[in-house]
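To start, the structure itself, in structure tokens.
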Amino acid sequence: MALINPGFKAPANRDGHLPPGQSVVHTWPVLTYGPTPMIDAGEWTLTIDGEVNTPVTLSWDEFDKLPKSSLDTDIHCVTRWSKLGMGWDGASLDELIKRAGGLSQDANFLIASSYGDYTTNLPVADIIDGKALVATHADDEPLAAEHGGPARLFVPHLYFWKSAKWITRLTFTDADEPGFWEVNGYHNYGDPWREQRYRND
Ligand SMILES: Nc1nc2c(c(=O)[nH]1)N[C@H]1C(S)=C(S)[C@@H](COP(=O)(O)O)O[C@H]1N2
Ligand SMILES: [Mo]
């Protein structure tokens, strides 16, 4: 095995990839409000409902058979750390929406719900056209439980609290419904490049 010098790191602001007020980390911090739910793939289900044409609940085996996509990108946490150059794999939201027969005309928002009651809200425009995954792997490793395994939402262009771990339900709605952190003072949209950390940013 080649010896890789762990001291060598890419410059902090590689190609201007660092949003304002962020610092690069080389570890992967765990940020969870409350305990980590331990979800077996065998008991995991993903429901896609609300403003879709045919609501559906997928078992792990059904989900596993869907065509997969990758997103190679950076992640930005509102607590000011960014992790650059990760590779993520999972099913695109486009693929999942297809499995639910497509969106109805009134589908304007996604309310994502996790095992353990965490929720977060996103405009539909931010999760279609390859912008979001239900991810199962990061950097070629299955997601560890503390990082949301067996599967989490992954929406890397917004602050990472929008990427709900232990995802179990994707509900499409007409009206917006602020989620857990959005109700508790975080920004409703959360664009790192515009530093939308807190409600009035
Ligand atoms: N279900 C759930 N998802 C969650 C959270 C949480 O507490 N519960 N924390 C969010 C926050 S604030 C961040 S920064 C990221 C952290 O993901 P990580 O622990 O894999 O780094 O998960 C997000 N998704
Ligand atoms: Mo966060």
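We did not get these values from a lab; they are worked out from the coordinates using the rules stated. Note that the structure is a prediction, hence the values are computed from the model and not measured. Glycine also receives a Cβ, built like all others from the backbone with ideal geometry; neighbour counts cover every protein chain displayed.
For the pair Ala125/Glu43, report the inter-label distance in nm, with labels modelled 7 Å from Cα in the Cβ direction.
Distance between the two pseudo-spin positions: 4.0 nm.
Helix-only estimate, please: 222 nm mean residue ellipticity of the chain, summing -39500 (n - 2.57) across DSSP H runs of length 4 or more and dividing by its residues, to the nearest 500.
Rounded to the nearest 500, the figure is -1500 deg cm²/dmol.
Treating only the Cβ of Lys, Arg, Asp and Glu as charged (+1, +1, -1, -1), what charge dipole size does the chain show about its Cα centre? Round to the nearest 20 debye.
Result for the chain is approximately 600 debye, rounded to the nearest 20.
When 1/r is averaged over all different Cα pairs and the result inverted, which Kirkwood radius in Å belongs to the chain?
Taking every pair of different Cα atoms in the chain, averaging 1/r and inverting gives 17.4 Å.
By how many nm would the segment from Leu66 to Asp106 lengthen if fully extended, with 0.36 nm per residue of separation less the alpha-carbon distance?
Working it through step by step, the gained length comes to 11.8 nm.
Separation between the Asp176 and Asp201 pseudo-spin-labels, each 7 Å from Cα along Cα→Cβ, expressed in nm?
Between Asp176 and Asp201, the label points sit 1.5 nm apart.
May I ask for the longest run of the chain untouched by chymotrypsin sites (Phe, Trp or Tyr not before Pro) that are loop-located per DSSP and have at most 12 neighbouring C-beta atoms (other than their own) within 10 Å?
Answer - 34-201.
What list of ³J(HN,Hα) couplings, whole Hz, do you get for region 109-124 from phi and the Karplus terms 6.51, -1.76, 1.60, once you set θ to phi - 60° and write x for glycine and proline?
Each residue of region 109-124 in turn: 9, 10, 10, 9, 10, 10, 4, x, 5, 5, 9, 8, 10, 9, x, 4 Hz.
Calculate, for Thr27 and Asp140, the FRET efficiency according to 1/(1 + (r/R0)^6) with r their C-beta to C-beta distance and R0 22 Å; round to the nearest 0.05.
So, using R0 = 22 Å, E works out to roughly 0.80.
May I ask for the distance between the Cα centers of region 36-81 and region 135-201, given as a whole number of Å?
Measuring centre to centre over Cα atoms gives 12 Å.
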